[in-house]
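Shown next, in structure tokens, is the structure this report addresses.
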Amino acid sequence: MNTHKKITREVDMLNGPLAGKLILFALPLALSSILQQLFNSADVAVVGQFVGGDALAATGSCVALVGIFVNLIVGLSVGPNAVLAMAIGRNARKEIHDILHTVIAFAMILGVLLMVTGMVIAMPVLKLSGTPETVLPQALLYIYIYFAGIPFMVIYNYGSAVLRSFGDSRNPMFIMVLSGTINVILNLVFVLVFGLGVAGVALATSISNLLSAGMILFLLIRQEGDFKLDLHDLKVDRNYLRQILTIGIPAGFQGAVFSVSNVFIQAGINTFGENAIAGSSLALNFEYFTYDIAAAFAQAATTFISQNYGADRNDRCRKIFRLCMLFGFSFTQILSIIFLIWDDFFIGIYTNTAAVAAFGAVRLWHVCSLEGFTATYEVGSAALRGYGKSLEPAIVTIMGTVVFRIVWIQTVFRIFPTYDMLMNVYPVSWIFTGSIILIIYYNFQRKLARNNRNGL
């Protein structure tokens, strides 16, 4: 193995000041995630303004199910990101080539499996969540077309994880800017010109996912050196796949269970009628935008800590954690406050119906007021994954979201069956989950320090 020559990095994560590098790495990531979420937001906005309330409720009913798959895919992509970053920290050149081609080959297989799974479970999940019969046909039409683009979404996210592992978070952002712009244009063309309604906005999103996947593959093929993709070398190495899945599956499960719990919450929202469904779905977009900032600093924590842990620099790893927690909380809360100050303007982008806007405002104020606390469990979990520990955060997330939220719905919400009380489950569960994650992180650090003192 040739290790005497240093690997070329887009960002040097192992040396020099950290604060500026973390911000410059994380902000393009946040923008990429926000733009990816804008695919679905553009669907909601165009449908709400130009199609009608039933169509808006139809797309809104799909938000939780779509979120399960999007969060699962993004979470699974943490695996290749962490494994590649650790190999870079060790300067293991031959490993990087084999891991890269395993990542892309597996992404192609995984994308098809998730597409088929999504189409099979769509109807029972929508019915289970109480989607009104009046909007169910349109909701199914939207979700089937949307899931046709899932394989391309997987390829884009896995390809982006590869680039992030050596510090490139800008090119994935540029790709998302271009494909996101095309998505908005196609939304308007398919709805206003061709009158395709919910089918048109779903088709626009799938086409945009196809373009983003094509561009990320083209970028990897054009890379030089260790990160150059050769389609003839695509194969799944079982050893590297096991490492990737050991980190990726718990991380993906952690992301997905948030949306699984939202399915149960969606059932509660549905009891308040179509205006509540529509209002909640539009407010959810702002939560995704703010959450994406916390998640971006979480991804930065995983990547930077993985490289430095691979290079045996734990003091630097601890500093990365502290900075990512500070930036994740602060920037997330700042954007949340902006949405709250100008809530009428932002809600008006999605709807001109007063009843829908009223429900949207209630959710916005109850949830976004404390959105910064999402950084506590996101950055804490990401830091642990950077050390190769992914199972514990996943278990805690299940307890803190799915279990805790179901208990809340079955107890507190039953005693106080108001829309406001239902929304309170979000910030309370964040604080509960984040507290436990932070306890696990600091216990791990104490154990690591004890092992280092004992020479283990």
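Regarding Tyr350, is this residue modelled with pLDDT under 95, of a type in the set (Phe, Trp, Tyr), within 29 Å of Asn452 (Cα to Cα) and surrounded by 24 or more Cβ atoms within 10 Å (Cβ to Cβ)?
So Tyr350 fails the test.
Counting only residues that are farther than 23 Å from Thr290 by Cβ and of a type in the set (A, V, I, L, M, F, W, C), how many does the range 410-444 have?
The total comes to 7.
Quick one: which helices (runs of 4 or more DSSP H) sit completely within the range 291-407 and have at least 1 residues that are out of contact with any helix residue (DSSP H, G or I) (no Cβ under 6 Å at 6 or more places or on another chain) and not β-branched (Val, Ile, Thr)?
Where helices (runs of 4 or more DSSP H) fall fully within the range 291-407 and carry at least 1 residues being out of contact with any helix residue (DSSP H, G or I) (no Cβ under 6 Å at 6 or more places or on another chain) and not β-branched (Val, Ile, Thr), they are 314-341, 343-348, 354-368.
What do you reckon, is Ile293 in contact (Cβ under 8 Å) with a residue 24 or more places away in the chain and either among the aromatic types (Phe, Trp, Tyr) or under 30 Å from Val356 (Cα atoms) (or both)?
So Ile293 fits the description; yes.
Yes or no, residue by residue, for (1) out of contact with any Gly (no Cβ under 8 Å at 6 or more places or on another chain); (2) modelled with pLDDT of 85 or more; (3) over 30 Å from Arg93 (Cβ atoms):
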| site | (1), (2), (3) |
| --- | --- |
| Ser206 | no, yes, yes |
| Arg222 | yes, yes, no |
| Gly225 | yes, no, no |
| Leu245 | no, yes, no |
| Val257 | yes, no, yes |
| Thr271 | no, yes, yes |
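Which is within 25 Å of Gln333 (Cα to Cα) and either surrounded by fewer than 14 Cβ atoms within 10 Å (Cβ to Cβ) or not basic (Lys, Arg) (or both), of Val428, Val412, Val407, Val403?
Val428
Tell me the residue from Phe432, Phe416, Phe404, Phe444 that is touching a Gly at 6+ places or on another chain (Cβ under 6 Å) and modelled with pLDDT under 95, please.
The match here is Phe432.
For the subset of the range 44-87 comprising residues that are assigned to a loop (DSSP other than H, G, I, E, B) and in contact (Cβ under 8 Å) with a residue 60 or more places away in the chain, which member is farthest from Ser390 (Cα to Cα)?
Ranking the candidates gives Val51 first.
The values are calculated or read from the model by the stated rules, or taken from the named source; none is laboratory data. None of these values were measured; they are calculated from a predicted model. In this analysis, Cβ positions are derived from the backbone assuming ideal geometry, glycine residues included, and neighbour counts consider all displayed protein chains.
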